[in-house]
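Enquirer: Structure provided below as structure tokens; questions to follow.
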Amino acid sequence: MSRVEVMTSSSSIAMIQPQVGADSSPSATERLKINADDFRAGFNRQPFLIGHHLAGHPLFELPRLLELARRLPEACVAYNAGNVAVAEGLYKGPRTGLSVEETIRRIEDCQSWMVLKHVEMDGEYNALLDQCLDEVQMHSEPLAPGMHKREGFIFISSPASVTPYHLDPEYNFLLQIRGSKAVHIWSPEDRTVLTDEDLEDFYTSEAQNNLRFKPEHEPRAFVFELTPGRGLHFPVTAPHWVENSSGVSVSFSITFRTPASERRAVVYGVNAALRRRGWKPKPVGRFAMLDAMKYHAGRLARRFKLLNNSPTARP
């Protein structure tokens, strides 16, 4: 058994983690190392570690990432200064004045943060994404059937750069390829940190990452140190922020949706509409039959454009 140090509201405790992948021997084609017991216990409930074999993969070398950035549509390449505050808001940092090419070439010293979005649009990266998510699906399908909308994101960031506090709408596994980073992540069920109103705003607002960071909640975060060969599961809408160590970081985010995650988005949209009309809706997940009624009503309202939400896109 190995130990991973995480922080809780009261003190630093040791979270027992089995050796990642200890229940199976790696094959020549295996991309991930997943412990089945950890997966069943934690999937979409709490963050947990996995392993992977992608560290040193040629697709994640900086020259190849520069080529990928050139091929992707301009809207799929986002970057800004990396020396920003945790509460800055995602994509709200100042621009550095550098081009995409200059940013990647000078990533060691230009204090920048970059994301290449929707890399599944590129054949080689899509193939790798599918290989990884096929392995995830073997474990996720019994728990959350219907994996679809597979998407990949690659993060390239300078030493000590910060990814501000935010949340995302997908099931996510973040695979650390190069460098190291600390991920500060909260349970998506911790309503002290993330209220029902926050989630309603997230699923219905144009500015999805206006989530406000409150420093007093930091002691409630779990803190995971990611190094090459290690990955972390992010449950849907788990709030988080990330801080790089002293080296360049490259990480690969592999994400997907399911019918359950998209139903959840619709129900939060219905609750938002009810709250705007003065109601106090029951929290999502509390009453399954009521959620089902809201879902069907929400789909009907969306069909007639009466409800201002749709399955949330990552910004």
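Enquirer: Return yes or no: is residue 43 crowded, with 20+ Cβ neighbours inside 10 Å and under 20 Å from the mean Cα position of the chain (by Cα)? Explain how you work it out, then say what you get.
Expert: Values: crowded, with 20+ Cβ neighbours inside 10 Å: no; under 20 Å from the mean Cα position of the chain (by Cα): yes.
Taking the combined requirement at face value, the residue does not satisfy it.
Enquirer: Please find, within the range 162-180, the residue that is farthest from residue 146 (Cα to Cα) out of those that are in contact with an Asp or Glu (Cβ under 8 Å, 6 or more places away or on another chain) and not in a strand (DSSP E or B).
Expert: Within the range 162-180, the match that is farthest from residue 146 (Cα to Cα) is 180.
Enquirer: Going residue by residue through the range 254-268, is there one that turns out to be farther than 25 Å from residue 128 by Cα, among the basic types (Lys, Arg) and either touching a Phe, Trp or Tyr at 6+ places or on another chain (Cβ under 6 Å) or in a helix (DSSP H, G or I) (or both)?
Expert: Looking for residues that are farther than 25 Å from residue 128 by Cα, among the basic types (Lys, Arg) and either touching a Phe, Trp or Tyr at 6+ places or on another chain (Cβ under 6 Å) or in a helix (DSSP H, G or I) (or both), one finds at least one in the range 254-268, hence yes.
Rundown of residues vs (1) of a type in the set (D, E, K, R); (2) on the phi > 0 side of the Ramachandran plot, yes/no style:
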site	(1), (2)
37	yes, no
44	no, yes
58	no, no
79	no, no
83	no, no
86	no, no
95	yes, no
120	yes, no
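Enquirer: Of the residues 144, 127, which single one is assigned to a helix (DSSP H, G or I) and either modelled with pLDDT of 95 or more or of a type in the set (Lys, Arg) (or both)?
Expert: On the way: 144 fails: assigned to a helix (DSSP H, G or I).
Result: 127 is the single residue among 144, 127 that is assigned to a helix (DSSP H, G or I) and either modelled with pLDDT of 95 or more or of a type in the set (Lys, Arg) (or both).
Enquirer: Another question about this same structure. When residue 88 is evaluated against the numbered criteria (1) touching a Pro at 6+ places or on another chain (Cβ under 6 Å); (2) under 23 Å from residue 57 (Cβ atoms), which criterion, by number, is the only one it fails?
Expert: In the conditions (1) touching a Pro at 6+ places or on another chain (Cβ under 6 Å); (2) under 23 Å from residue 57 (Cβ atoms), residue 88 misses (2) alone.
Enquirer: Among the hydrophobic types (A, V, I, L, M, F, W, C) and under 25 Å from residue 212 (Cα atoms), is that true of residue 267? Write out each step before concluding.
Expert: Details: among the hydrophobic types (A, V, I, L, M, F, W, C): yes; under 25 Å from residue 212 (Cα atoms): yes.
Here the answer is yes, as residue 267 does meet what is asked.
Enquirer: So which of 120, 108, 151 ends up being charged (D, E, K, R) and part of a helix (DSSP H, G or I)? Talk me through it step by step, then tell me what you get.
Expert: Numbers: 108 fails: part of a helix (DSSP H, G or I); 151 fails: part of a helix (DSSP H, G or I).
Among 120, 108, 151, only 120 is charged (D, E, K, R) and part of a helix (DSSP H, G or I).
Enquirer: Next up: What are the residues in the range 168-216 that are basic (Lys, Arg) and buried (at least 16 other Cβ atoms within 10 Å of the Cβ), if any?
Expert: Our first condition is that a residue be basic (Lys, Arg); within the range 168-216, this holds for 178, 181, 191, 212, 214.
Listed by number, the residues that qualify are 178, 181.
Every residue, every condition in (1) without any contact (Cβ under 8 Å) to a residue 24 or more places away in the chain; (2) within 30 Å of residue 216 (Cα to Cα); (3) touching a strand residue (DSSP E or B) at 6+ places or on another chain (Cβ under 8 Å), yes or no:
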{"site": "40", "(1), (2), (3)": "no, no, no"}
{"site": "44", "(1), (2), (3)": "no, yes, yes"}
{"site": "47", "(1), (2), (3)": "no, yes, yes"}
{"site": "52", "(1), (2), (3)": "no, no, yes"}
{"site": "60", "(1), (2), (3)": "no, no, yes"}
{"site": "84", "(1), (2), (3)": "no, yes, yes"}
{"site": "93", "(1), (2), (3)": "no, yes, yes"}
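Enquirer: Is one or more of the residues making up the range 217-234 closer than 25 Å to residue 152 by Cβ, of a type in the set (Gly, Ala, Ser) and either surrounded by fewer than 21 Cβ atoms within 10 Å (Cβ to Cβ) or modelled with pLDDT of 95 or more (or both)?
Expert: Yes: one or more hits.
Enquirer: Within the range 269-289, can you find the residues that are surrounded by 14 or more Cβ atoms within 10 Å (Cβ to Cβ) and part of a helix (DSSP H, G or I)?
Expert: Residues satisfying the conditions are 269, 270, 271, 272, 273, 274, 275.
Enquirer: Just for the range 100-150: of the residues that are without any contact (Cβ under 8 Å) to a residue 24 or more places away in the chain and of a type in the set (D, E, K, R), which one is surrounded by the most Cβ atoms within 10 Å (Cβ to Cβ)?
Expert: Here the residue is 130.
Enquirer: Restricting the range 226-265 to residues that are without any contact (Cβ under 8 Å) to a residue 60 or more places away in the chain and out of contact with any Lys or Arg (no Cβ under 7 Å at 6 or more places or on another chain), which is nearest to residue 188 (Cα to Cα)?
Expert: Taking the candidates together, the pick is 264.
Enquirer: With the requirement that a residue be crowded, with 17+ Cβ neighbours inside 10 Å and within 10 Å of residue 176 (Cα to Cα), what does the range 54-65 give you?
Expert: 54
The values are calculated or read from the model by the stated rules, or taken from the named source; none is laboratory data. The structure presented is a predicted model; accordingly, all values stated were derived computationally and were not measured. Cβ: placed from backbone, ideal geometry, glycine included. Neighbour counts: every protein chain shown.
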